[in-house]
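Okay, so here's the structure we're looking at.
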Amino acid sequence: MMKKLVFMLFCILMFPAVLSAFEITADVDRREIEPGESVMLSLTVRGGEPEMDLSVVRDFRVVPRGTSSSLQIINGEVSREKTFNYLLVPLKDGVLTIPALEVEFKGRTYSTGEISITVAEGAPREARNGLPPLSVAAALSERNPYEGEQVVYTFTLQSRAQYANARFQKPRFSGFTVKEIGQKEPYRTRVKGQEVTMTELRYLLIPLKSGTITIEPALLECDVATGKRSRRTSPFDSLFPESFLGRSTFQHRVFRTDPLTVHVKPLPRDTARPDFSGLVGSFTMKTMLERDTVNVGDSTTLTVTIEGRGNVMDAGEPTVEIPDAFKLYTDVPQEEIRLSEDGIKGSKTFRFALVATREGSYAIAPFRMSYFDPTTETCRVLASEPLSVTVGKAAEEDASAVFESPPGDEGTRGPRKSVEFTGRDILPLKEDLDALEHRRSLRHYQFAFLLILPCLLYGIVKILLAVRRKNADAGSRMVRRAHGALKMAERRVGRDEEFFSCLRRALLSIILSHAGLQGEVLTYDETEAILLGGGYPAETAKNAAELMKNIESARYGGRVVDETLKKKLLDDTQRMVRSLTR
Amino acid sequence: MKKICAILFVVMATIAAVAVSGAAERPRLFLDGVSAYNRGAYHEAVSAFQAVAGSGICNEKLFYNLGNACLKQGKIGYAILWYERAFRLDPHDPDLLFNLDYARSLTRDMKEEKVNPFIGVFFFWKDMLGDAAVRWTAIFLNLCFWGLLTAQAIRRKRVFPFARYCILGVALVFLVTACHDYYVTLHVKTAVILPAEVPVRSGLADDATELFVLHEGTTVGIEKEKSGYSRIRFSRGKIGWIKNDALEII
C-alpha cells in the first residue's frame, strides 16, 4: 500500500504536464449587471500554464484577482487545473462584449468563447432610491487650460456607510504629466439632509499638448456594508453597536467616476519668441552677484533664481552673456519644488562661477526670459538687473596668508565635528586617452576552454606515459625479473633444482629484455642472435649461450653438482646479468 | 590571376584605410567631447562620447564620462545606465562609485528589495576582487591543480597531496563564483527606466490596467520580452509590462 502511494506521488511529481490534454474555458459570475457593479471572469486552464493576455478586452477595465490551482486524479489519469480570476469593471452602459481570448500553448492557439454582458442603463439602483451609501466623483480645477498650465484633478468619495478593503485605481491621465498631491484629511458635511464623510484625493496635471483630451474614469473597489446578518436577538444586543458585534454584511462593489473632457488651448503666438522659457504660470526672477570686486584668478558666483507657481522645474538655463575677461563655469541647477493644493510652487536656481582673467571694469548685460501667464493670458518678460564687476590685480601675497594658522589656544577652536557636504556635485571627467582602450572581457566559452585545457593536457600526458610504459614495460619487466631471480638463486644455493631454475630464469630474462619480449624458452642460437642484434660483441653473445648451456646441463644432466661449480655458475651469471643490464 | 590579386589588394587596402581612419577619429571625438563638457555643452559632449562608444569601444572611463555628461544634461536615467555599465567593468573606481551614488540619490523610486548582508559576508571575495579577478583566479588555481596531477603522473610518486586538495577546494569555490557570474551576465537582464515616468501595466497594450508607476533611473529586472514589451520585476510582487522603448538593458 505504502509503495503504491509513493509510486503515485512520484508519478504526480515527475510527469505533471504530460498527462492531460490542454483546454481553456471562460466563465463569468453574472451576465446582467446594474451600473456600478462588476463581473468576475474566471479563465480555467487544464493541462498547461500559458501566458494570459487580456489586452483585447476593451469594454471593461481588467483588474487581476489572483489564481487558484487544483490537481485531480480520475481513473489513474492526472489533470492539473489552474483558474485565473479577473474583475471586469464596465466602462460604459449597454451590451458589452468579452471577446474570444486566445492563448498559445506548445505552438498551437486555443481560444475561449465570446461572452456578452448587459449593463443596465441609467443611474445606480441606490441613487434612484435617494442618497447612495457610497458615491464617487471627479472634478478638474480648470476644464480649458493652456498647454503647460497646471490643473488639479480631485477624486471625491462621499460615504455614509461603512466600507472596507478599498482599492483605488486612478485614471491613466494620458497626455498629462502627473504628480500626486496626496489625500486631503477626510471631513464630514451634510448632503440632502444626511451627514456624510468626504474623502478627497488630488493629482496635479500638466497638459503636454493642445487639443481635446478625455480623462478616463477612476475606479474604487471596496466592500460596502449593506445590511445586517440575521441572527437571534438577545437582551444584550442594545448594549453594543452593530459594527462592534460585526453583524454587518459586506458586498464587494466597484465605483467609477464619469470621464472628464479637457480642452487644452495652445499657447499664444507670442510665446514663439526666442527668449520664451517654456514656463507657464506666475514667476519672478532674482539675480545676485556674490562679489562685485575680485582679483585676477579669483571667482565670483552669479546666482539666478526663478521662483513662482507653475512648471518652474522646466525652466531652461538663462543665456548669460559674460565679458571675455571671465571664464564661465556652470553648476548643476538646484530645484526646490513644493507640491501644494494649488499646484506646484518653488524655485529653480542656476549658479555660474565667473573666474576673472584680466583687470578692468566690466558690465554683465541684463538677460531676459519670458513666460506665459494664463491668468492674464499674456506673455510676460523677466529681466535681470544690470550687474558690474571690477577686477583688480592678482594678489600674490594671498597664498601665504591662506595657510597661516589662526592665533590663540587650541582649546578655543571649539569641538571637532564630522565633515559634512556643503555642496552637491559629481566628480569630473576622466580626460586621459586610455579611455579609448577597448576592454576585452573573458567570454564564457573562452573561460570554459581555459578551464578544460589543463585537464586535456593532463589526459594527453597520461596517454603518452601509458604508451611509453607499454613499449618499455616488457623489457624492464624482464630486467626486474632477472635481478629478482638472481637474488633468489643466492638464497637457494642449498636446493639444486630451485637454484638452477633461478639462474636459468635470470639469464633468460636478461637476454629476452633486449628483445623487448617475455618468455620462458630460448635456444642457444636465439640467445646469440638477440645479443648480437642488441649490439653486444660476438664473444659476449657466445659466452651467454655457453653459460645457458652449462646451467641447463647442470640442471637436467642428472649428476651431482658440487658446491664449487654452483658457486662458479652463480658468479658467472651475476657477471653476465650485470654486463647485460643497460 | 593578376587582376584578382589587384582587386584583393585594393579591397584590403581600403579596409585597412577605413580602420585606421576610424581609429584616428576616436581621439579627436573624445577630446571634442571633453572640451564640450568643460564648456558646458553637455549635449555635444554626449554625442561625441556616444560616437566613440558606438565605434565599438568598451571602456569604463568612457562610460563614466558618458554618465557624467548625461547627468549634467539632466538625464538621470541615461546617467545611471552608463554608470552601471562602467561599474560592471570596474566596480572599484571611487569616482564612479561617488557619482553613481549621487545619481541614484536623484531617483524617485525607493529600492524595495534589500540585498541579504550575509551574501556579502560569505562571498566577500566576489566584491573584493571583481568578476575578472575571480575568473582568472579560478583559471590559475585550476591550472595549478592539474599541473600537480601531471607532475605526479610523470614522477609516479605523490606530489604535495595536501596542497593539491587545498588548491582544488579553493579552485572550486572560485569556479562556482565565476560560473554564477556568467549565469547572471547571460541570463539575468537588468535595465534602467529612461523616461521621467512610466506606467507599468498588467498586459501588453497601452490601455491595459496600470499597476504602478516607475520613474527615470530606477533599475528593474527583465523577466521576458514579447511583442515590443518587457515583463519587468521591480520588487517581490511588483511585476508588470513596460514598452521596450521606455528602458534600456545595462
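The values are calculated or read from the model by the stated rules, or taken from the named source; none is laboratory data. This one's a predicted model, so the numbers in the text were calculated from it and none came from an experiment. Methodologically, a virtual Cβ is constructed for each residue, glycine included, from the backbone with ideal geometry; neighbour enumeration extends over all protein chains shown.
Overview of values
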read-out	value
Near pairs, Cβ below 6 angstrom, 6+ apart or cross-chain, from region B:170-188 (facing chain A (nearest Cβ under 9 Å)) to any residue that is part of a helix (DSSP H, G or I) and among the aliphatic types (A, V, I, L, M)	B:Leu175/B:Ala138; B:Ala178/B:Val134; B:Ala178/B:Ala138
Any hit, region A:100-109, residues being modelled with pLDDT of 85 or more, in the same structural domain as A:Glu34 (by TED's automatic domain parsing) and not β-branched (Val, Ile, Thr)	yes
Tabulated pairs, region B:226-242, first in a loop (DSSP other than H, G, I, E, B), second surrounded by fewer than 22 Cβ atoms within 10 Å (Cβ to Cβ), C-beta under 6 angstrom, 6+ apart or interchain	B:Ser227/B:Leu204; B:Gly228/B:Asn244
Residue that is farthest from the other protein chains (Cβ to nearest Cβ) [pool: residues in region B:57-83 that are without any contact (Cβ under 8 Å) to a residue 24 or more places away in the chain and either hydroxyl-bearing (Ser, Thr, Tyr) or under 15 Å from B:Leu97 (Cα atoms) (or both)]	B:Trp82
Whichever residue in region A:434-478 is acidic (Asp, Glu) and assigned to a helix (DSSP H, G or I) and, among such residues, is nearest to the other protein chains (Cβ to nearest Cβ)	A:Asp434
Checking B:Gly221 against (1) surrounded by 13 or more Cβ atoms within 10 Å (Cβ to Cβ); (2) within 12 Å of chain A (Cβ to nearest Cβ); (3) not hydroxyl-bearing (Ser, Thr, Tyr), the condition it does not meet	(2)
Single residue of region B:12-53 satisfying the filter (of a type outside the set (A, V, I, L, M) and at pLDDT below 65) that is farthest from the chain's Cα centre (by Cα)	B:Ser21
Condition met for B:Ser35 (free of Cβ contacts under 8 Å to residues at least 24 places away in the same chain, surrounded by fewer than 21 Cβ atoms within 10 Å (Cβ to Cβ) and more than 11 Å from every other protein chain (Cβ to nearest Cβ))	no
Subset tally (residues that are farther than 17 Å from A:Asp425 by Cβ, within 11 Å of chain A (Cβ to nearest Cβ) and of a type outside the set (D, E, K, R)) for region B:84-99	2
One residue from A:Gly122, A:Gly148 being buried (at least 18 other Cβ atoms within 10 Å of the Cβ), assigned to a loop (DSSP other than H, G, I, E, B) and at positive phi	A:Gly148
Residue match in region A:300-308 (condition: more than 26 Å from B:Tyr37 (Cα to Cα), outside the structural domain of A:Val178 (by TED's automatic domain parsing) and outside any loop (DSSP other than H, G, I, E, B))	yes
Residues that are surrounded by fewer than 16 Cβ atoms within 10 Å (Cβ to Cβ) and more than 18 Å from B:Gly237 (Cβ to Cβ), drawn from region B:196-214	B:Ala196, B:Glu197, B:Asp206
Pairs with Cβ under 6 Å, 6+ apart, first in region A:307-321 and farther than 17 Å from A:Asp331 by Cβ, second surrounded by fewer than 19 Cβ atoms within 10 Å (Cβ to Cβ)	A:Glu307/A:Thr284; A:Gly308/A:Ser282; A:Gly308/A:Thr284; A:Arg309/A:Ser282; A:Arg309/A:Lys345; A:Val312/A:Gly346; A:Asp314/A:Gly278; A:Glu321/A:Ala365
Region A:337-360: number of residues that are of a type outside the set (A, V, I, L, M), assigned to a strand (DSSP E or B) and either touching a residue at least 12 places away in the same chain (Cβ under 8 Å) or more than 16 Å from A:Ala315 (Cα to Cα) (or both)	11
Check on B:Ile167, touching a Leu at 6+ places or on another chain (Cβ under 9 Å), part of a strand (DSSP E or B) and not assigned by TED's automatic domain parsing to the domain that holds B:Leu100	no
Of all residues making up region A:290-331, the number that are among the β-branched types (Val, Ile, Thr), over 29 Å from A:Gln150 (Cβ atoms) and touching a Lys or Arg at 6+ places or on another chain (Cβ under 9 Å)	3
Matching residues, region A:163-207, being farther than 25 Å from A:Arg61 by Cα, in a loop (DSSP other than H, G, I, E, B) and either hydrophobic (A, V, I, L, M, F, W, C) or touching a residue at least 40 places away in the same chain (Cβ under 8 Å) (or both)	A:Lys192
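Residue-wise test of (1) in contact with a Phe, Trp or Tyr (Cβ under 9 Å, 6 or more places away or on another chain); (2) in the same structural domain as A:Val280 (by TED's automatic domain parsing); (3) surrounded by 19 or more Cβ atoms within 10 Å (Cβ to Cβ).
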residue	(1), (2), (3)
A:Tyr153	yes, no, yes
A:Ala161	no, no, no
A:Met198	yes, no, no
A:Leu201	yes, no, yes
